[in-house]
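Notes follow once the structure below has been shown.
The values are calculated or read from the model by the stated rules, or taken from the named source; none is laboratory data. Keep in mind it's a predicted model, so treat the numbers as computed, not measured. Quick reminder, even Gly has a Cβ in these numbers, built from the backbone with ideal geometry, and neighbours come from all protein chains shown. Quick note on the areas: whole protein, heavy atoms, side chains included, nothing else; ligands and nucleic acids left out. Shrake-Rupley method; radii C 1.70, N 1.55, O 1.52, S 1.80 Å.
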Amino acid sequence: MSQARQQLAEQLAEAVFQALQEDLNHQERVLLVVSGGSTPVPFFKALAAKTLPWERIVVTLADERWVEEESSDSNAKLVREHLLQGEAKAANFIPLTCATQTPEEGVEEVAKRTSSLAWPASVVVLGMGGDGHTASLFPDSRELDLALATGELLVAVRTPSQPQPRITFSADRLHQARRHMLHITGDDKRAVLAKALSGDDARQLPIRVFLTCPLAIYWAP
Ligand SMILES: O=C1O[C@H](COP(=O)(O)O)[C@@H](O)[C@H](O)[C@H]1O
């Protein structure tokens, strides 16, 4: 891990910490939405080390792969192993999978579980893939139009470029937050973001749906 990426993770953790503290001053419970993938690990570790009333913080994911929670592909496993540690174990974590075989069968159950959370979220921390996807809003997904347009909370997603089916909060629901932060690293992702900023077709680069709201960009080489 480069020093720049470590510093970036610490700065992002400090910003999320400040945001949660601010909202906890006037709300009993606050909601934090985080992303999975490989980038957030140092951010999760830095945030877990913060002193917060974790029992008043609800954590959920922007999206999830429809796999067992023990799978190394599970975003929930990542959150449990790196964020919900030490004092942060007291946070109330809401995963996005259930016992059904497919996300299509499970989406309603997970929607019930997540509809009563403390929306709008205090912070949505997004990631971005090299194809411009964010959450599980993939450019090659059959359900992208639906996920970009629906007022439903969640969408079950099938994406040819990805090995597993997925579930994702819709763009509409991910917009329901007081603050949006994007955590990305590397020159390749900077170039994708620059391309996204120079156009507006979200079906080509889905990250574009969040470039219309104030988005704090956390990037390091
Ligand atoms: O598959 C996913 O990818 C994105 C980006 O992940 P990264 O490994 O390139 O950091 C992530 O934001 C999303 O939550 C995840 O499911």
Residues that are open to solvent by 30 Å² or more (accessible area, probe 1.4 Å) and of a type in the set (Gly, Ala, Ser), drawn from the stretch 72-103: 72, 86, 90, 99
Would you confirm whether or not the stretch 131-147 contains a residue that is under 21 Å from residue 16 (Cβ atoms) and either over 16 Å from the mean Cα position of the chain (by Cα) or not acidic (Asp, Glu) (or both)? yes
List, please: which pairs have Cβ atoms under 8 Å, are six or more places apart or on different chains, and start with a residue in the stretch 181-206 that is free of Cβ contacts under 8 Å to residues at least 24 places away in the same chain and end with one that is within 14 Å of the ligand (Cβ to nearest atom)? 199/205
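The rows are residues; the columns are (1) within 24 Å of residue 193 (Cα to Cα); (2) out of contact with any strand residue (DSSP E or B) (no Cβ under 9 Å at 6 or more places or on another chain); (3) more than 10 Å from the ligand (Cβ to nearest atom).
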position: 128; (1), (2), (3): yes, no, no
position: 137; (1), (2), (3): yes, no, no
position: 141; (1), (2), (3): yes, no, yes
position: 144; (1), (2), (3): yes, no, yes
position: 156; (1), (2), (3): no, no, yes
position: 159; (1), (2), (3): yes, no, no
Could you check the stretch 48-79 and list, in sequence order, the residues that are within 15 Å of the ligand (Cβ to nearest atom), assigned to a helix (DSSP H, G or I) and among the basic types (Lys, Arg)? 77
Scanning the stretch 38-47 for residues that are at pLDDT 95 or above and either within 13 Å of residue 92 (Cα to Cα) or surrounded by fewer than 20 Cβ atoms within 10 Å (Cβ to Cβ) (or both), which turns out farthest from the ligand (Cβ to nearest atom)? 45
Looking only at the stretch 18-26, decide whether some residue is touching a Phe, Trp or Tyr at 6+ places or on another chain (Cβ under 9 Å) and within 20 Å of residue 117 (Cβ to Cβ). no
Checking the conditions here, which among 24, 12, 31 is at pLDDT 95 or above, more than 16 Å from the ligand (Cβ to nearest atom) and surrounded by 22 or more Cβ atoms within 10 Å (Cβ to Cβ)? 31
Counting only residues that are at pLDDT 95 or above and open to solvent by 60 Å² or more (accessible area, probe 1.4 Å), give me the strands (runs of 3 or more DSSP E) lying completely in the stretch 104-221 with at least 1 of them. 177-185, 215-220
